[in-house]
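Where a number appears in this text, it was derived from the coordinates with a stated rule and is not lab data. Quantities reported herein were computed from a predicted structural model and do not represent experimental measurements. Here the Cβ is made from the backbone with ideal geometry for all residues, glycine too, and neighbour counts use every protein chain on show.
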Amino acid sequence: MNFLIIEYFPIFFLLIVAIGLSLIILGASFFFSIQKPDVEKISAYECGFDPYEDSRNKFEVRFYLVAILFLLFDLEAVFLFPWAVSLGQTGFLGFWSMMDFLLELSVGFFYIWKIGALDWE
């Protein structure tokens, strides 16, 4: 049991620091902000332009596509960090497995770039 406490202490310490810092920043922004409601401040804001018509309008597919692509490449970064930390222990097979993973993601990225999914007209 003592071994587990020693091993997980840095993670627990990081969690406590992150929660504490979040609460400090949230509290500071609440106490130091100017809280004077204004017509412009409380109006709806949609992507840099004034809202129009009904809120149930359909969005274009490219909004969803960009969101999905962001999640895809964000998950790539999530997988890279533990791999980089444990690279010394995974050896040859772990290295080439991640290179295969990165190659497949790169091919997918170049494909979506080629078909124009990242172009905003």
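Exposed loop sites here mean chymotrypsin sites (Phe, Trp or Tyr not before Pro) with a DSSP loop assignment and at most 11 other beta-carbon atoms within 10 Å; the chain contains its longest site-free run at 60-119.
About the centre of its Cα atoms, the chain shows a dipole size close to 320 debye [charges on the beta carbon of Lys, Arg (+1) and Asp, Glu (-1) only; nearest 20 debye].
Are there DSSP H segments in the chain that both extend 27 Å or more along their axis (alpha-carbon positions) and score a mean Kyte-Doolittle hydropathy of at least 1.6? List them, or say none. Each step should come with its number before you reach the end.
Numbers: long enough: 2-32 (44 Å, 2.24); 61-85 (37 Å, 1.93); 87-114 (37 Å, 0.86).
Passing helices, by number: 2-32, 61-85.
Each of the trypsin sites (Lys or Arg not before Pro) that DSSP puts in a loop and that has at most 12 other Cβ atoms within 10 Å breaks the chain; the longest unbroken stretch is 59-121.
The simple Förster model, with R0 at 35 Å and r as the Cβ-Cβ distance, assigns V39 and A117 a FRET efficiency of 0.40. Taking L105, L71, L15 as the candidate residues, the one with maximal mean-square fluctuation in a Gaussian network model of the chain, Cα springs under 10 Å, is L15. GNM on the chain, alpha-carbon springs under 10 angstrom: the most fluctuating residue among S29, S97, S106 is S29.
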